[in-house]
Amino acid sequence: MSNILDIETVALDEEKKALVIIDQTRLPYETKLLYLTELKEIWDAIYLLKVRGAPAIGVAAAIGIYAYAEHSLKDRVEDFSDAFKKACDYLNSARPTAVNLSWALGRMLGMVEDNKGLPVEELLQRLHDEALLIKEEDIAMCRRIGEYGLSFIREDCGVLTHCNAGQLATSKYGTATAPMYLAHERGMSIRVYCDETRPLLQGARLTSYELSSAGLDVTLLCDNMAGAVMKEGLIDAVFVGCDRVAANGDTANKIGTSSVAVLAAYYKIPFYVCAPSSTIDADTPTGDGIRIEQRPESEVTEMWYKKRMAPENIKVYNPAFDVTDHSLITAIITERGIYYPPYDFRHFR
Ligand code: MRU
């Protein structure tokens, strides 16, 4: 089998004009590619986390909406732009927290609205090019984040990460993992600790899988072990990704991130958020304005278990994300450079 990192997380099949994703719900045991062109199946793929991670969701939505338009809107000469907008609104409803989804769809819709007079054939070509540009930009942003983040990595250091902000969450390299991949590429030896990330196990199933496939030294932890390894002195820095950064630096990321940030502050360990500009939301002043996705109870009570592991009818709270207060963040690493407190992204476009 080829290495998981040799397979593109999100791609366009030019011949089939289809969105291609790795079905991440099947990893690490099975690498299955899905070819999608229908709006409902693209919405489902995003909602069910077959493709996930803020940047990957944005790129998948851009390529997906183009593929859908090619297959289903070609003959809509009169009302192409209305039908396209409706489709964008629908896809945008799949997940609320990662701003990359509305950001990428906004760019695709802007392309249609700015070129209303063009024949549909030409409009489709522009949508094709815009979707691939969004993907190329994502790769470049992750690479730059890796370069900036590398400045915080020392030989023999231990780094902890939460959820999956790796290649599987982006078009390439990942955000939080990009400095780790670069350190490894340059021959540095580092130890990576991955939180397993309940309830959907992105750390266990995805991060530990992709980093170990690349040959990094990875140790998997249950989420409630982070404090213990910090206390033992095994962690020199925490790197996490994000789903939306508010203008004041408050950061939404996978549930559990803010607990890690509190622990890191207690043990005086630097806590870095890796954020491509596509994840920075200048229009949301603080974390209070970030909508947190609530997910089904079954993800907590029975998913991954052979049989249900909670009493029937027990109340379950399952927010998919939390907001880390800006005061707990040592620095925010973007592709434009490293930002330190006080954060002010109000004019960040
Ligand atoms: O629910 P998920 O798996 O989409 O959540 C993903 C995360 O929280 C990632 O840390 C975040 O999207 C950053 S990915 C570079």
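Summary table
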read-out	value
Where the chain is the region considered: accessible area per residue in Å², 1.4 Å probe	43 Å²
Cut-off under 5 Å, modelled amide H: who pairs with Asp217 long-range	Ile190, Val192
From phi via Karplus (6.51, -1.76, 1.60), per-residue ³J(HN,Hα) for region 208-217 in Hz, x at Gly/Pro	5, 5, 5, 5, 6, 4, 7, x, 7, 7
Rounded to whole Å, sorted largest first: equivalent-ellipsoid semi-axes of region 188-244, Cα gyration tensor	17, 16, 12
Packing-based order for 98-109, 286-297, 11-22, using average beta carbon neighbours within 10 Å, highest first	98-109, 11-22, 286-297
Accessible area in the full protein assembly, largest first, 1.4 Å probe, for Met309, Met180	Met309, Met180
Distance histogram for region 66-121 (every C-alpha pair counted, 10 angstrom bins, percent rounded to whole numbers)	23, 55, 19, 3
Vicinal HN-Hα couplings computed from phi for region 263-270 (Karplus, 6.51 cos²θ - 1.76 cosθ + 1.60; Hz; Gly/Pro x)	4, 4, 4, 4, 8, 6, 10, x
Relative contact order %, the chain, counting alpha carbon pairs below 8 Å whose residues are six or more apart	16 percent
Amide H contacts under 5 Å for Gly158, placed H, 5+ residues apart	Arg191, Asp236, Ala237
Over region 42-164, equivalent-ellipsoid semi-axes from the Cα gyration tensor in Å	34, 16, 10
Residue pairs, from the table Lys231/Lys315; Lys86/Lys172; Lys17/Lys50; Lys32/Lys172; Lys17/Lys85; Lys86/Lys315, whose Cα atoms sit over 25 Å apart	Lys231/Lys315; Lys86/Lys172; Lys86/Lys315
Highest to lowest packing among 44-52, 339-347, scored as the average C-beta count within 10 Å	44-52, 339-347
Listed residues Ile255, Ala165, Leu19: farthest to the positive end of the dipole of the chain (Cβ charges)	Ile255
Helix-derived mean residue ellipticity, 222 nm - over the chain, DSSP H n ≥ 4, -39500 (n - 2.57), to 500	-11000 deg cm²/dmol
Acute angle (nearest 10 degrees) that the helix 80-92 long axis makes with the longest principal axis of the chain, alpha-carbon atoms	20 degrees
Accessible-area composition of region 145-339, carbon plus sulfur, in percent [1.4 Å probe]	52 percent
Cubic angstrom per residue, convex hull over Cα atoms of the chain	138 Å³
Charge dipole magnitude, Cβ of K and R +1, D and E -1 - region 145-339, Cα centre, debye nearest 20	320 debye
In order through region 186-197: 3J(HN,Hα) via Karplus (6.51 cos²θ - 1.76 cosθ + 1.60), integer Hz, x for Gly, Pro	8, x, 7, 9, 9, 10, 10, 10, 10, 5, 5, 6
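The values are calculated or read from the model by the stated rules, or taken from the named source; none is laboratory data. Bear in mind the structure is a predicted one, so any value in this text is a computation, not a measurement. We place every Cβ from the backbone using ideal geometry, glycine too, and count neighbours over all the protein chains shown. Note: accessible area is taken over every heavy atom of the protein model, side chains too, but ligands, DNA and RNA are not part of it. Shrake-Rupley method; radii C 1.70, N 1.55, O 1.52, S 1.80 Å.
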